Amino acid sequence: MKFFVDTADLNEIKDLAATGLLDGVTTNPSLVAKSGHSDFVSLIREIASVVPGPVSAEVAATDYDTMLAEGLYLAKIAKNIAVKVPLTPAGLKVCKHLSQQGTMVNVTLCFSAAQAILAAKAGATFVSPFVGRLDDIGESGMQLISDICTIYSAYPEFNTQILVASVRSPMHVVEAAKMGADVATIPPAVIRQLFSHPLTDKGLAQFVADWAKTGQTIPTAGNVQPLKSSRT
Ligand code: E4P
């Protein structure tokens, strides 16, 4: 399963990229506004230089002609840009056009299995079902992921990856992994929660304390005499 970070905060992206566990980035207009950056194109260019995997950059227009022009421009910023378009008739038309010319496209704001079928038929590289926002209105976000997994696996000609979005907790990530979703895009705070377990902290504190009692240190430089095979 691939992990993308769902943020436009460059410092967070650099910090998480340093873990070596980040496969991509998703941004959206709200995240860009929150980041305070006033130059969207240079922000996306810098993100794409920090993370080699797909970086989703969303179009701002809603009509076909302008969306397409914006998408063509965004795709030129870097090879790893995935143009993000909304799941509307015009957005899917742009998706079809861009995917046919080899540009990665992320179809966003997916809230139903029917919409996910349309995204796959439009040749989307990624479809982004928003699980948290469905949970917020009393529906089941994870049931939607399960339905899309079932549908896509019945049609080998669908090459669209399921990108679980609007993730609110580590359980969303675990449930999505159990269902075989391709990608989860996760807010930085939730990525950090994935690392945590109280027993890890407790166990590590004990190991550190017990090691100190031994009075030893492990060398960090110099040569180590390798073990000689008993047969030679
Ligand atoms: C996906 O690409 C979106 O940026 C994101 O996951 C939306 O999440 P939210 O519902 O927390 O805003």
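A few remarks follow.
- Listed residues LYS34, LYS84, LYS96, most fluctuating in the chain (Gaussian network, C-alpha, under 10 Å): LYS34
- Among GLN101, GLN161, GLN216, residue whose mean-square fluctuation peaks in a GNM of the chain (springs only between Cα atoms under 10 Å): GLN216
- Label separation (TYR155 vs VAL174): 3.3 nm, computed from points 7 Å beyond Cα along the C-beta direction.
- Rolling a 1.4 Å probe over the protein heavy atoms of the range 2-195, with every protein chain left in place, gives an accessible area that is 56 percent carbon and sulfur.
- Note on the chain: helix-only mean residue ellipticity at 222 nm, from DSSP H runs of 4+ residues weighted -39500 (n - 2.57) and normalised by residue number, equals -14500 deg cm²/dmol.
- Order of exposure, largest accessible area first, which applies to TYR73, TYR152 with probe 1.4 Å: TYR73, TYR152
- In terms of accessible area, using a 1.4 Å probe and ignoring ligands and nucleic acids, ILE137, ILE13 rank largest first as ILE137, ILE13.
- Label point at ALA78 placed 7 Å out along Cα→Cβ; residues across the range 33-68 whose backbone nitrogen lies under 14 Å: 40-58
- All Cα pairs of the chain, percent lying beyond 28 Å: 39 percent
- Take every pair of alpha-carbon atoms less than 8 Å apart whose residues are at least six positions apart; their mean separation over the length of the range 2-195 yields a relative contact order of 18 percent.
- Base-10 log of normalised Debye intensity for the range 135-232 (one unit scatterer per alpha-carbon) at q = 0.14, 0.16 Å⁻¹: -0.73, -0.80
- Alpha carbon centroid spacing (whole Å) that separates the range 106-184 from the range 26-87: 21 Å
- Here the spin labels are modelled as points 7 Å beyond Cα on the Cα-Cβ line, and at TYR64 and GLN143 they lie 3.5 nm apart.
- Across the range 85-206, C-alpha contacts under 8 Å between residues 6 or more apart give a mean separation that, scaled by the residue count, equals a relative contact order of 19 percent.
The values are calculated or read from the model by the stated rules, or taken from the named source; none is laboratory data. Just so it is clear, the structure is predicted and the values come from calculations on it, not from any experiment. Quick reminder, even Gly has a Cβ in these numbers, built from the backbone with ideal geometry, and neighbours come from all protein chains shown. Surface areas here come from the heavy atoms of the whole protein model, side chains and all, with no ligands, DNA or RNA. Shrake-Rupley method; radii C 1.70, N 1.55, O 1.52, S 1.80 Å.
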